[in-house]
Amino acid sequence: MAHLNSPNSVIDFIQIFTEKAISILFKLPNMSKMSCEGSAMLDHARARRVPTPGKATILALGKAFPSQLVPQECLVEGYIRDTKCVDATIKEKLERLCKTTTVKTRYTVMCKEILDKHPELVTEGLPTIRQRLEIANPAVVEMATEASKACIKEWGRSVEDITHIVYVSSSEIRLPGGDLYVANRLGLKNDVGRVMLYFLGCYGGVTGLRVAKDIAENNPGSRILLTTSETTILGFRPPNNARPYDLVGAALFGDGAAAVIIGADPLPGQESPFMELNYAVQQFLPDTHSVIDGRLSEEGINFKLGRDLPQRIDDNIEDFCRKLMGKGKLVDFNDLFWAIHPGGPAILNKLESTLRLKSDKLECSRKALMDYGNVSSNTIFYVIENMRENLKREDGEEWGLALAFGPGITFEGILIRSL
């Protein structure tokens, strides 16, 4: 299967892929590395702003995906066929959802070979958690490894200079965890400090940034590899009218991985910081723990989303943003750039309206959702990559916010500064 060389090739690729996609919707995983577009042109000498001494910065970014690209217009036929669904009303619902998500393309680990080997994955009521983990565990480690390799290559320093690894995933369960497997595959030192963040959901990527920031700023000279990796294998199942959210997942979520290198006081001439992590806040909304509900069972993972989720976020987002902005004495929302985890179009639309943002402010989030779907903890890094290209403009904003939301309801936010 041909690999994509840059995010911009995604849309062009659809024309080649569409005719075959319905008949071969799933293909065996074969990871395709994707480093940041145009990253080689960014060096320290061109940085427009000087990093704040002692503050953590993002020094490099990489990503990776399974080789299988699924155009959204082909999703319904493939999903209905592979799950052997004969309910016409379910098909109609999925078709409507696929149109409203704004997603155009996604990557997936699931493949025809897996379904042929494990027909029980699409059989209602059978215990399949063992089989799902046997597929998911190695898949997320492989994607995380490839994303990390792309990131380290862009960084330009030796893997021996990595002092810590922070590993984020809601897609694997085992001991030891993926942090150890990735560290071993990359050849990291055996005394590398490891942190594993499991089952945080969509805000996990920003949590990882906050944790890496704390490590970098409290351990002079440290360099932290933060990697996130997710697959929908645990939640893939046949549609059921009793589980309407399964269709939302089928229409919205994708698979992939991302990685960044974090460090304070970047080395002139050796490292190329492009974003500073200035101030971070995590906050939960009391008595909202049931609004996003995920449960692991013998059949995999089941999610329920409350219909009031966008409104709950909307009711609290302005005060949360003001708390972050206060550290930089910032006032006007439209003076900032915005890297928001695109949980779905409804959340982005609500935030744009409530914060009275100009229509182009969430463009990078909308593009990430369109190109990759909601890839849980990874997605914020795809947004940041889009943002990095935009901020190379001479008139690019200096300050911005990185935001994500997830179970709790939990808000994660970072005041970030473009360098």
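Values as computed for the structure displayed
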| item | result |
| --- | --- |
| Accessible surface of His164 - all protein chains present, 1.4 Å probe, nearest 10 Å² | 40 |
| Net dipole in debye of region 88-200 [+1 Lys, Arg Cβ; -1 Asp, Glu Cβ; about Cα centre; nearest 20] | 340 |
| Surface share of carbon and sulfur [accessible, 1.4 angstrom probe, percent] for the chain | 52 |
| Simple spin-label estimate for Asn316 and Asn334 in nanometres, 7 Å along Cα-Cβ | 2.8 |
| By accessible area with a 1.4 Å probe, ligands and nucleic acids excluded, highest first: order of Met325, Met370 | Met370, Met325 |
| Calculated percent of Cα pairs over 31 Å apart (choose from [x] 49; [y] 35; [z] 46), label | [y] |
| Region 52-137: C-alpha gyration tensor shape, a/c 1.5 cut-off, then a/b vs b/c | oblate |
| Ranked order, Lys367, Lys361, Lys327, Lys153 - accessible area, probe 1.4 Å, largest first | Lys153, Lys327, Lys367, Lys361 |
| Sites Glu394 and Phe284 - FRET efficiency at Förster radius 51 Å, r taken between beta-carbons, to 0.05 | 0.80 |
| Nearest-10 value in Å² for the accessible area of Val50, using the 1.4 Å probe | 120 |
| Global geometry of region 190-294, whether rounded, prolate or oblate, following the gyration tensor of its Cα atoms and the 1.5 cut on a/c | prolate |
| Sequence-distant aspartates and glutamates (8 or more away, or on other chains) whose Cα lies within less than 20 Å of Lys358 | Asp314, Asp315, Glu318, Asp319, Asp332, Asp335, Glu389, Glu394, Asp395, Glu397, Glu398 |
| Estimated 222 nm signal from helices in the chain, with DSSP H stretches of n ≥ 4 weighted -39500 (n - 2.57), rounded to 500 | -11500 deg cm²/dmol |
| Cα-based reach from Lys84 at 26 Å (exclusive), listing lysines while leaving out same-chain residues under 8 positions away | Lys20, Lys27, Lys93, Lys99, Lys104, Lys112, Lys117, Lys304 |
| Distance (nanometres) between label positions extended 7 Å along Cα→Cβ at Ala88 and Leu126 | 2.9 |
| Computed FRET value (nearest 0.05) for Lys153 with Asp214, which takes r as the C-beta separation and R₀ as 41 Å | 0.95 |
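The values are calculated or read from the model by the stated rules, or taken from the named source; none is laboratory data. As the structure is a computational prediction, the values presented were derived from the model and not from experiment. With ideal geometry, Cβ positions are generated from the backbone for all residues, glycine too; neighbour counts draw on all protein chains shown. When the accessible area is computed, the model is the full protein with side chains, heavy atoms only, and any ligands, DNA or RNA have been set aside. Shrake-Rupley method; radii C 1.70, N 1.55, O 1.52, S 1.80 Å.
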